[in-house]
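Here's the structure, in structure tokens; my notes come after.
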Amino acid sequence: MDNFYTKTKCDCCGGSLDSCRIMSMYSNECFCMKCKSEEMKKSDYEDAVKKDSEEHVGKQKFR
């Protein structure tokens, strides 16, 4: 993810990332919003969101 902010092209379609970028829920790919919208239509998308959320909550350290 170290090159997330410096990428200029969507990893999925090759389109421009000038206006906005977001990471895939399935990988470390950097998507334009059009590709992210398509990804969100996958039947298992909600499961991927839940899994990602559970993984990140488990890594949080509270003081």
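Please treat every number below as a calculation from the coordinates, not as lab data. Computed from a predicted model, the values in this text were never measured in an experiment. Ideal geometry is used to build each Cβ from the backbone, glycine not excepted, and the neighbour counts take in all protein chains shown.
Here the chain is treated with +1 on each Lys and Arg Cβ and -1 on each Asp and Glu Cβ, and its dipole about the Cα centre works out to around 240 debye.
For P(r) over Cα pairs in 10 Å bins from 0, in percent, computed directly from the structure shown, the correct entry in (i) 25, 62, 13, 0; (ii) 21, 44, 28, 6, 0; (iii) 21, 52, 22, 5, 0 is (ii).
For residue 23, the amide hydrogen comes within under 5 Å of the amide hydrogens of 31, counting only partners 5 or more places away or on other chains and with H modelled in the peptide plane. Highest average first, the peptides 3-12, 24-33 ordered by how many other beta carbon atoms sit within 10 Å of their residues are 24-33, 3-12.
What angle, in degrees between 0 and 90 and rounded to the nearest 10, separates the Cα long axis of helix 45-59 from the longest principal axis of the Cα atoms of the chain? That works out to roughly 50 degrees. Our coupling estimate for segment 16-22, obtained by passing each phi through the Karplus curve with A = 6.51, B = -1.76, C = 1.60 and θ = phi - 60°, is 5, 10, 4, 8, 7, 8, 8 Hz, Gly and Pro reported as x.
Residues 18, 52 in ascending order of nearby Cβ atoms (within 10 Å, fewest first): 18, 52. Model label sites at residue 23 and residue 5, defined 7 Å from Cα along the beta-carbon direction, differ in position by 1.4 nm.
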